[in-house]
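The values are calculated or read from the model by the stated rules, or taken from the named source; none is laboratory data. Given the structure is predicted, the values throughout are model-derived calculations rather than measurements. Reconstructed Cβ throughout: ideal geometry from the backbone, glycine too, with neighbour counts over all protein chains shown. Accessible surface areas use protein heavy atoms only, side chains included; no ligands, DNA or RNA. Shrake-Rupley method; radii C 1.70, N 1.55, O 1.52, S 1.80 Å.
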Amino acid sequence: MSTGYFTHPDCKKHDMGTGHPECPERLSAIEDRLLVSGVGDALEHREAPLVPLVDAELAHERMFVAALRGLGDQLLDEVQAGGRGYTQLDPDTAMSVGSWAAIQRAAGAAIAATDAVIAGELENAFCAVRPPGHHACRDKAMGFCFLNNVAIAARYALERHGLQRVAVVDFDVHHGNGTEDILQGDERVLMVGLFQHPFYPYSGADSPAPNMLNLPIPAYTRGPAIREQIEAVWMPRLHEFKPEMIFISAGFDAHREDDLGQLGLVEQDYSWITRCIKDVAQAYAGGRIVSCLEGGYNLSVLARSVEAHLRVLADL
Ligand SMILES: [Zn+2]
């Protein structure tokens, strides 16, 4: 069985302004790298659908989803009337006229990947999407995120496919506070996360519910020390939980060369972490993994790290 690669051209139409690190070129850099390396040839490419809003509401308040859709419509009207079509939601997070489509494609990719993996059409899948999702809370967009792609897909696997236990693994340099907000206390989910601390969004020092396992890591910690912590803290809990499917919030901004964070991972560490997750998936979940792009802002480093991640997922 092969590894799916879900994306859509709409994901490049979300534009938060000149110089914003969460830029459309991130996806182009990944595509170029997969083309040149040949890794792209080994993947099954699929187009991401729009997320059904009723599925987005598995993780978000209905009023919040409606408000995002309303903003999307309003921006379209503005542009048609000759306006700029741009609105700022928080100091880091803005919507352009193309954002609402990108938001729906990003979550739609996670849903479609979940369907394909559970149906046995694909062993696992990577969603090369933006905007990212793990800071998006039940009723709030923040930190470059609007809908929480991974939380929606995890809930979708539980509610629509009847799975009993799913794990969420988040190795972005920032704490996945949105995923935590949505999934804390849901005993069908185990979330394990590592992130630089103290650091944006300044949460996660404690694990707020028994199904949340946070691993706050001081700035300037390098790969070997992080691997030791993963082995000591994450792995026993994942093996004990025996997930039927694993969702990855795959951010690559904990890379040593990514200026948005100060952790010291390198490509080999991403390969190693992916291998650990894959071992758990193969032991209990029939190999089922859906991985969604989160952060990663140095274009070259992002592309190299995604390649490393995909080589393990696809056994290349
Ligand atoms: Zn991040």
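Which longest uninterrupted range of the chain lacks any chymotrypsin sites (Phe, Trp or Tyr not before Pro) assigned by DSSP to a loop state (not H, G, I, E or B) and surrounded by at most 13 other Cβ atoms within 10 Å?
1-201
What does the C-alpha gyration tensor say about the overall shape of segment 207-316? Classify as rounded when a/c is under 1.5, otherwise prolate if a/b is larger than b/c, or oblate.
The shape class here is oblate.
Net charge around Gly143, counting only other residues with Cβ within less than 9 Å of its Cβ (Lys, Arg = +1; Asp, Glu = -1)?
-2
Dipole of segment 35-130 (Lys/Arg Cβ +1, Asp/Glu Cβ -1, origin at the Cα centre): which of Val117, Cys127, Ala94 lies farthest to the positive side?
Comparing the listed Cα positions along the dipole, Ala94 ranks first.
Between Thr18 and Met63, what is the label-to-label distance in nm when each label sits 7 Å out along the Cα-to-Cβ direction?
About 3.9 nm separates the two model spin labels.
Determine the shape class of segment 191-247: with a ≥ b ≥ c the square roots of the Cα gyration tensor eigenvalues, call it rounded for a/c under 1.5, and otherwise prolate if a/b is greater than b/c, oblate otherwise.
Verdict is oblate for segment 191-247.
In square angstrom, what is the accessible area per residue of the chain with a 1.4 angstrom probe?
37 Å²
State the answer as a single residue: which of Phe241, Val189, Ser203 lies farthest towards the positive end of the charge dipole of segment 187-241, with beta carbon charges of +1 for Lys and Arg and -1 for Asp and Glu, about the Cα centre.
Ser203
HN-Hα J couplings of segment 262-277 from phi, Karplus 6.51/-1.76/1.60, θ = phi - 60°, integer Hz, Gly and Pro as x?
Using θ = phi - 60°, the values come out as 10, 9, x, 6, 10, 3, 4, 5, 5, 4, 5, 4, 4, 4, 4, 5 Hz.
Straight-line reach only, C-alpha to C-alpha below 26 angstrom: list the lysines that Lys242 could link to, leaving out same-chain residues fewer than 8 apart.
Lys278
Once a ≥ b ≥ c are taken as the square roots of the eigenvalues of the Cα gyration tensor of the chain, is the result rounded (a/c under 1.5), prolate (a/b larger than b/c) or oblate (a/b not larger than b/c)?
Here the chain falls in the rounded category.
Where in segment 96-131 does the label zone of Ser37 land, with the point 7 angstrom along Cα→C-beta and an amide N cut-off under 19 Å?
Counting only backbone N, you get 123-130.
With +1 on each Lys and Arg Cβ and -1 on each Asp and Glu Cβ, how big is the dipole of the chain about its Cα centre, in debye rounded to the nearest 20?
The calculation lands at about 260 debye.
Report for the chain the percent antiparallel among DSSP-assigned beta bridges with both residues inside it, nearest 5.
15 percent
What size of dipole, in debye to the nearest 20, comes out for segment 10-61 about its Cα centre when the only charges are +1 on Lys and Arg C-beta atoms and -1 on Asp and Glu C-beta atoms?
For this selection, approximately 200 debye.
Within a Cβ distance under 14 Å of Cys11, other residues only, what is the Lys/Arg minus Asp/Glu net charge?
-1
Mind listing the phi-derived Karplus ³J(HN,Hα) values for segment 176-181, rounded to whole Hz, using 6.51, -1.76 and 1.60 with θ = phi - 60°, and x for any glycine or proline?
x, 5, x, 4, 4, 4
If you place +1 on the Cβ of every Lys and Arg and -1 on the Cβ of every Asp and Glu, how big does the dipole about the Cα centre of segment 208-316 come out, in debye to the nearest 20?
240 debye
On a straight-distance basis, which aspartates and glutamates could pair with Lys140 in a cross-link, Cα separation under 18 angstrom, same-chain partners fewer than 8 positions away excluded?
Leaving aside aspartates and glutamates fewer than 8 places away in the same chain, those within reach of Lys140 are Asp55, Glu57, Glu61, Asp90, Asp92, Glu180, Asp181, Glu294.
Below 8 Å, C-alpha to C-alpha, sequence gap of six or more: please give me the relative contact order for the chain in percent.
20 percent
Amide H neighbours of Ala254 under 5 Å, at least 5 residues apart or on other chains, H built in the peptide plane: list them.
Val173
Give me, ordered by chain and number, the residues 5 or more places off Cys137 or on other chains with an amide H under 5 Å from its own placed amide H.
Long-range HN contacts for Cys137: Met142.
Could you tally the net charge around Ile182, taking each other residue with its Cβ under 9 Å from the Cβ of Ile182, Lys/Arg +1 and Asp/Glu -1?
So the environment of Ile182 carries a net charge of -1.
Out of the total accessible area of the chain (probe 1.4 Å, heavy atoms of protein only), what percent is carbon and sulfur?
The C+S portion of the solvent-accessible surface of the chain is 50 percent.
Tell me, in nm to one decimal, what length is gained between Gln80 and Asp92 on full extension, where the rule is 0.36 nm per residue of separation less the Cα-Cα distance?
Value of the extension gain: 1.8 nm.
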